[in-house]
Amino acid sequence: MIKQTWQQYFQLLHDTTVEAGQPLPFEAISDGMRSLGSRLKVSETIFPVHTLLPILLRYSHDHQRNVAPAHWVVDIFLSLSILYERLFDVLEAMFYAQEPPFIASA
């Protein structure tokens, strides 16, 4: 349920900013994540890093690859004081599972 809610939130931000033309979708998502993360005190229950990081990296890979800086997703979490180790654990699992953006090229 939390994952679906976050995905809908990101899609809404994306669609709204594409229609308006400003800001860029990744900027709107970054701002929204920082705002919600600080208000929710990055509670693992409602702000699950192990769920949000893969969602955002997939979004970045699919929609913002040639638009946004490569590190914008990780920067969001670091700005919210998420530990490097926590991010690394999620990124490592994604790497071994070959999830976007860690897809092996043929």
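The values are calculated or read from the model by the stated rules, or taken from the named source; none is laboratory data. Owing to the predicted nature of the structure, the values given are computational and were not obtained by experimental measurement. Positions of Cβ are generated from backbone atoms using ideal geometry, with glycine treated the same way; all protein chains shown enter the neighbour counts. Just the protein is used for accessible areas: all its heavy atoms, side chains included, with ligands, DNA and RNA removed. Shrake-Rupley method; radii C 1.70, N 1.55, O 1.52, S 1.80 Å.
At a glance:
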item: Heavy-atom accessible area order for HIS63, HIS14, largest first, 1.4 Å probe; result: HIS63, HIS14
item: Accessible surface of ARG34 - all protein chains present, 1.4 Å probe, nearest 10 Å²; result: 80
item: Per residue accessible area of the stretch 1-97, 1.4 Å probe, in Å²; result: 61
item: Accessible area of the chain belonging to carbon and sulfur atoms, whole % at 1.4 Å probe; result: 57
item: Calculated FRET efficiency for the pair ASN66/GLU44, C-beta based, R₀ 35 Å, to 0.05; result: 0.60
item: Candidates GLN64, GLN11, GLN22, ranked by Gaussian network fluctuation over the chain, Cα under 10 Å, top entry; result: GLN22
item: Nearest-10 value in Å² for the accessible area of LEU12, using the 1.4 Å probe; result: 110
item: With all protein chains modelled, accessible area of ASP89 [1.4 Å, Å²]; result: 90
item: Order of exposure, largest accessible area first, which applies to TYR84, TYR59 with probe 1.4 Å; result: TYR84, TYR59
